[in-house]
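Everything on this sheet refers to the single structure shown next.
The values are calculated or read from the model by the stated rules, or taken from the named source; none is laboratory data. Remember, it's a predicted structure, so these values are computed and weren't measured experimentally. As a convention, Cβ positions derive from the backbone with ideal geometry for all residues, glycine included, and neighbour counts pool all protein chains shown.
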């Protein structure tokens, strides 16, 4: 795997993980102590961050650094992605409804 492929995988994974955390680029950039412009260039695969920035990005995304480089992290099939996001949303909605019922029915 060449350097450009590594940058592309890293960028896709960071964008995917950021979206799953419902972070904007501005929020993740602030948490990692980098500029939005630099984060955007990482996500596009045009820049590669130094190890300390990788560590801060991983910490902000609550993953291990190696997970940022996993080639199979982002589902290639859009149906898999939709299914994954749907499960996340369903779980959050169910948890919120459960809290509401407990609060008002107790």
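Looking at the stretch 65-102, which of its residues are part of a loop (DSSP other than H, G, I, E, B) and either touching a strand residue (DSSP E or B) at 6+ places or on another chain (Cβ under 9 Å) or at pLDDT 70 or above (or both)? Full working, then the answer.
The first filter runs over the stretch 65-102 and keeps only residues part of a loop (DSSP other than H, G, I, E, B), leaving 70-77.
Listed by number, the residues that qualify are 70, 71.
Output the number of residues of the stretch 25-55 satisfying the condition of being surrounded by 12 or more Cβ atoms within 10 Å (Cβ to Cβ) and not in a helix (DSSP H, G or I).
8
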Residue pairs meeting the criteria (Cβ under 6 Å; at least 6 apart or on separate chains; first within 12 Å of residue 58 (Cα to Cα), in the stretch 10-37; second outside any helix (DSSP H, G or I) and modelled with pLDDT under 95): 13/73
